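Before any comments, here is the structure.
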Amino acid sequence: MSIADSIRSQLVPIHPEGYPFIGAFALASLVLFWLWSPLGWIGCVLTVWCVYFFRDPPRVTPAREGLIIAPADGRVSQVTTAMPPAELQLGAKPLMRVSIFMSVFDCHINRSPVNGRIERIHHKPGIFLNADLDKASEDNERNGIVVATMGGVRIGVVQIAGLIARRIVKFCAEGQNVVAGQRIGMIRFGSRVDVYLPDGVRPLVGVGQMAVAGETVVADLQNRDANWTHRTG
């Protein structure tokens, strides 16, 4: 492998959603350099951060049938039972919910947790509280997606806008077939994603664990590994 090929293999692709923002940051940096060079260097740092934020690295997704894969990068902030949002139509019974908080330094591309069909998409306007707060699940602007597997099992994924995030972008449509790990959307600039597991399915992640979208196994529909435990250390 040549040096050029080696360098190219280390470069992470940038999602096209980021091009306008990267261009705006770069242009602002040039103006700031013209006004006062220290401001220009600050602009350069912010431009580099913007490039990093909109990175879209390829992921290697486990292909075993029945696995539920993390839809987002970030820290698992909650593993609890909660009522799913009414608009998802997942029933009136509390379900196990895994919440993944994405900081402004995490990759914000969201991916499908399972193979299946997009059964429902519902956007609900709201406010912009810190996405790490529990009440953000109810009060913040959100976009709910229900993915139905071939076996009829329904998984709820809720993209929640945060204190800084002001735009939820979807890459999928109702009726579309998706595979686990496929890109289904993104949230700009800090946010959270909730996954509602089917009744009786136990999570295989713990609070504080770092999840990788498209790679980390969140749960197994067949509960083959239901006795997993976690420790911090």
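The values are calculated or read from the model by the stated rules, or taken from the named source; none is laboratory data. Fair warning: this is a prediction, and the values are worked out from it, not measured in the lab. Neighbour counts run over all protein chains shown; Cβ positions are idealised from the backbone, glycine included. What goes into the accessible areas is simple: the full protein's heavy atoms, side chains included, and nothing from ligands, DNA or RNA. Shrake-Rupley method; radii C 1.70, N 1.55, O 1.52, S 1.80 Å.
Quick notes on this one:
- A cut-off of 5 Å between modelled amide H atoms, ignoring neighbours fewer than 5 places along the same chain, links L95 with A82, M83.
- Vicinal HN-Hα couplings computed from phi for region 202-219 (Karplus, 6.51 cos²θ - 1.76 cosθ + 1.60; Hz; Gly/Pro x): 9, x, 10, 10, x, 4, x, 6, 8, 9, 10, 4, x, 10, 6, 7, 8, 6
- Converting phi to 3J(HN,Hα) with the Karplus coefficients 6.51, -1.76 and 1.60 and the offset θ = phi - 60°, region 85-94 yields x, 4, 5, 7, 6, 9, x, 9, 10, x Hz in sequence order, with x at every glycine or proline.
- Counting only whole DSSP H helices of the chain, the ones at least 20 Å long by C-alpha along their axis and with mean Kyte-Doolittle hydropathy no lower than 0.5 are 19-35, 37-53.
- Net charge over other residues, Cβ less than 11 angstrom from the Cβ of G185 (K, R count +1; D, E count -1): +4
- Calculated mean residue ellipticity, 222 nm, the chain: -6000 deg cm²/dmol, from DSSP H runs (n ≥ 4) at -39500 (n - 2.57) each, averaged per residue and rounded to 500.
- Taking Cα centre as origin and charging only the Cβ of basic (Lys, Arg, +1) and acidic (Asp, Glu, -1) residues, the dipole magnitude of region 52-94 rounds to 120 debye.
- Long-range amide H partners of G185 with built H, under 5 Å: N110, F171
- Whole-percent carbon and sulfur share, accessible surface of the chain, 1.4 Å: 61
- Enclosing the Cα atoms of the chain in their convex hull gives a volume equal to 163 cubic angstrom per residue.
- Where the chain is the region considered: accessible area per residue in Å², 1.4 Å probe: 50
- Under 5 Å between amide hydrogens, built in the peptide plane, is the criterion, and for Q209 it picks out V76 among residues at least 5 positions away or on other chains.
- For the chain, a crude dipole built from +1 on the beta carbon of Lys and Arg and -1 on the beta carbon of Asp and Glu, taken about the Cα centre, is about 80 debye to the nearest 20.
- Stretchable slack from W41 to Q89, in nm (0.36 nm times residue separation minus alpha-carbon distance): 12.3 nm
- Residues in region 150-158 carry Karplus couplings, in order, of 4, x, x, 6, 10, 10, x, 10, 10 Hz; the curve used is 6.51 cos²θ - 1.76 cosθ + 1.60 with θ = phi - 60°, and Gly or Pro positions show x.
- Cα-based Rg of region 9-112 normalised by 2.2 N^0.38 Å, two decimals: 1.51
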